[in-house]
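Take a look at the structure below.
The values are calculated or read from the model by the stated rules, or taken from the named source; none is laboratory data. Remember, it's a predicted structure, so these values are computed and weren't measured experimentally. For neighbour counting, all protein chains shown are included, and Cβ atoms are generated from backbone atoms with ideal geometry for every residue, glycine included.
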Amino acid sequence: MKIPEFQHHKQVGKKLTIVTAYDAMFARIVEQAGLEVILVGDSLGMVVQGHPNTLTVTMDDMLYHTRMVARATQSALVIGDMPFMSYQISVEEALRNAGRFVQAGAAAVKIEGGQIMADRVRAMTRMGIPVMGHVGMTPQSVNQSGGYKVTGKGAEDARRIVEDVKALEQAGVFAIVLECMPALLAKELTELLSVPTIGIGAGPHCDGQVLVLYDLLGLFDDFVPKYVRPYAQLKSEALQALKRYRDEVESGTFPADRESYH
């Protein structure tokens, strides 16, 4: 999967399917399943590191996981999620850190924010680094927004998002993530833009969808966002397997003769 092919999906009406992955094992499984785009998301701060949000994730964290995913993939488009404060400080800092993602094996980077980030997008794309935008609910702004909330419900908020996506498209993004917004607004944005829209909690009308891998595999059951459809229940299966292992070790039935060397 290359950037032109990614964008061609919109032209021919073929939906794009994206998931996050953070390590070599899951990256291989994702690719073997036929998915052609992997986002190394800063969501790893929550699902891998156990933090309450993404704000603690560093460039070193992201580069470490990007290398693992890129090393394991053969043909998937790997997108590196630029973490909090890796691109906000200045255009120069954004360029430097985006370049580090490319050196780690990413084919593109993703940043959050609309009009205010247009100069970063423009600078990176001029240097040959493809950029995916991200508007709507932006997790790195959780302290300012007061939580993970649906955006674009009111007219003023919706107009701001429209201006954001226009600015990002003019700056040169190859796609834009639309997160947690009314499905009708996402539909209008998808029709407005010439670049693909990728929805997460934005309804069925986007050009593609992205989900956190751990969510869709059912590895979390304490909180499942409204927009997630678990396609497996791996947590319950893992619990059953581990309990059975414990029981068989305690009873002396594992290891048996077939698991022993002679």
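See the values below:
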| item | result |
| --- | --- |
| Odd one out for R246 among (1) without any contact (Cβ under 8 Å) to a residue 60 or more places away in the chain; (2) at negative phi; (3) buried (at least 16 other Cβ atoms within 10 Å of the Cβ) | (3) |
| Qualifying residue in the stretch 206-227 (condition: touching a His at 6+ places or on another chain (Cβ under 9 Å) and at pLDDT 95 or above) | yes |
| Selection status of G136, touching a residue at least 40 places away in the same chain (Cβ under 8 Å), buried (at least 21 other Cβ atoms within 10 Å of the Cβ), at positive phi and among the small types (G, A, S) | yes |
| Pick from the stretch 132-172, criterion under 22 Å from the mean Cα position of the chain (by Cα), of a type in the set (A, V, I, L, M) and assigned to a helix (DSSP H, G or I), ranking: modelled with the lowest pLDDT | V142 |
| Tally, over the stretch 190-205, of residues that are touching a residue at least 24 places away in the same chain (Cβ under 8 Å), in contact with a His (Cβ under 9 Å, 6 or more places away or on another chain) and more than 22 Å from L35 (Cα to Cα) | 0 |
| Residue check, D247 in the same structural domain as T151 (by TED's automatic domain parsing), in a helix (DSSP H, G or I) and not hydrophobic (A, V, I, L, M, F, W, C) | no |
| Residue in the stretch 78-85 that is under 30 Å from T190 (Cβ atoms), in contact with a His (Cβ under 9 Å, 6 or more places away or on another chain), aliphatic (A, V, I, L, M) and surrounded by 18 or more Cβ atoms within 10 Å (Cβ to Cβ) present | no |
| Residue within the stretch 198-215 that is assigned to a helix (DSSP H, G or I), in the same structural domain as F26 (by TED's automatic domain parsing) and not acidic (D, E) present | yes |
| Helices (runs of 4 or more DSSP H) contained entirely in the stretch 1-50, each with at least 3 residues that are over 22 Å from D207 (Cα atoms) | 24-32, 44-47 |
| Residue in the stretch 91-100 that is over 18 Å from D42 (Cβ atoms), surrounded by 14 or more Cβ atoms within 10 Å (Cβ to Cβ), among the acidic types (D, E) and modelled with pLDDT of 95 or more present | no |
| Single match in S141, S90, S75 (criterion: in the same structural domain as E191 (by TED's automatic domain parsing) and in contact (Cβ under 8 Å) with a residue 60 or more places away in the chain) | S75 |
| The stretch 12-26: number of residues that are out of contact with any Lys or Arg (no Cβ under 8 Å at 6 or more places or on another chain) and either farther than 22 Å from L178 by Cα or surrounded by fewer than 15 Cβ atoms within 10 Å (Cβ to Cβ) (or both) | 7 |
